[in-house]
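The values are calculated or read from the model by the stated rules, or taken from the named source; none is laboratory data. Since the model is a prediction, treat every value here as computed from it, not as a measurement. Glycine gets a Cβ as well: all are built from the backbone with ideal geometry, and neighbour counts include every protein chain shown. Areas reflect the complete protein model, heavy atoms only, side chains present, ligands, DNA and RNA absent. Shrake-Rupley method; radii C 1.70, N 1.55, O 1.52, S 1.80 Å.
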Amino acid sequence: MASIGIEGVDTIAGYRQHLVDRAVRRKRADRDYILTDYVEKQVLAQSVFTPVDRASEEYRACYDQQRRQARKMAAQDEGVSELDVLRRVLAQEKGAGEEAILSALAAYCDRQMQLLALGRVHAAQDGVSYTLADCERELRQFAEMRGIPYEALLEQHSPEDLLPGKYIQYYDETILAHYEKQYTVVIE
């Protein structure tokens, strides 16, 4: 059988299994997103936070990172503006103006700051911390795995941008681990 360009797949049965595995991964990712989003919304609604300081360096970094990513995505799609990308990403109505879109972006960043606070609390309780060196190492491994020069990857992602997300990711993984442990059905 001729190669179809998928590593480790060299038979029709192997290709079928590859498709099934890919569909299962997508369904799990969808389920994980729905579950973590629901739990996060519930926890955020029932928690008390100090007001988000929109002038803080951390908030500005989150806001600026979202704007940079939207500009990069817009640059890759001719005729699409940064606001068009933000409108789509933030699920704003087609006719939403710049003020509404930037307000939605600010609200998104507010939520990210609250999730970051939750992630830091849970990580600290578990004795987990992340450093810029950890993020740099992860980016280097990713670049090596994908065959991308590290410097080229840094044009898209920086360790400083990655660090807050590590705590949010930790919180999401804590949620998923809890539900996997509590609600996994084993048939014997």
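If I ask for residues that are open to solvent by 100 Å² or more (accessible area, probe 1.4 Å), among the hydrophobic types (A, V, I, L, M, F, W, C) and within 18 Å of CYS109 (Cα to Cα), which ones from region 11-65 would you list? If the condition is that a residue be open to solvent by 100 Å² or more (accessible area, probe 1.4 Å), among the hydrophobic types (A, V, I, L, M, F, W, C) and within 18 Å of CYS109 (Cα to Cα), then VAL48 is the only one that fits.
Given the residues ASP161, ASP172, which is the only one that is among the charged types (D, E, K, R) and either open to solvent by 50 Å² or more (accessible area, probe 1.4 Å) or over 16 Å from LEU118 (Cβ atoms) (or both)? The unique qualifying residue is ASP161.
Would it be correct to say that TYR179 is assigned to a helix (DSSP H, G or I), open to solvent by 70 Å² or more (accessible area, probe 1.4 Å) and touching a residue at least 40 places away in the same chain (Cβ under 8 Å)? Yes: the conditions hold for TYR179.
In region 93-129, how many residues are more than 20 Å from GLU58 (Cβ to Cβ) and open to solvent by 60 Å² or more (accessible area, probe 1.4 Å)? Outline the logic, then answer.
Narrowing region 93-129 to residues more than 20 Å from GLU58 (Cβ to Cβ): 93-101, 125-127.
Imposing the further condition that a residue be open to solvent by 60 Å² or more (accessible area, probe 1.4 Å) reduces the set to 93-95, 98-99, 125-127.
Of the residues in region 93-129, 8 are more than 20 Å from GLU58 (Cβ to Cβ) and open to solvent by 60 Å² or more (accessible area, probe 1.4 Å).
Taken over region 29-52, the residue count meeting the criterion of being touching a residue at least 60 places away in the same chain (Cβ under 8 Å) and not hydrophobic (A, V, I, L, M, F, W, C) is 4. When you check GLU173 against the structure, is it assigned to a helix (DSSP H, G or I), of a type outside the set (A, V, I, L, M), more than 27 Å from ARG28 (Cα to Cα) and within 18 Å of the chain's Cα centre (by Cα), yes or no? Criteria not met by GLU173.
Find the residue count for region 130-156, including only residues that are surrounded by fewer than 17 Cβ atoms within 10 Å (Cβ to Cβ) and either modelled with pLDDT of 95 or more or aliphatic (A, V, I, L, M) (or both).
Applying the first criterion (surrounded by fewer than 17 Cβ atoms within 10 Å (Cβ to Cβ)) to region 130-156 yields 131-134, 137-138, 140-142, 144-156.
From the residues that got through so far, the ones that are either modelled with pLDDT of 95 or more or aliphatic (A, V, I, L, M) (or both) too are 132-133, 145, 148, 152-154.
The number of residues fulfilling the criteria is 7.
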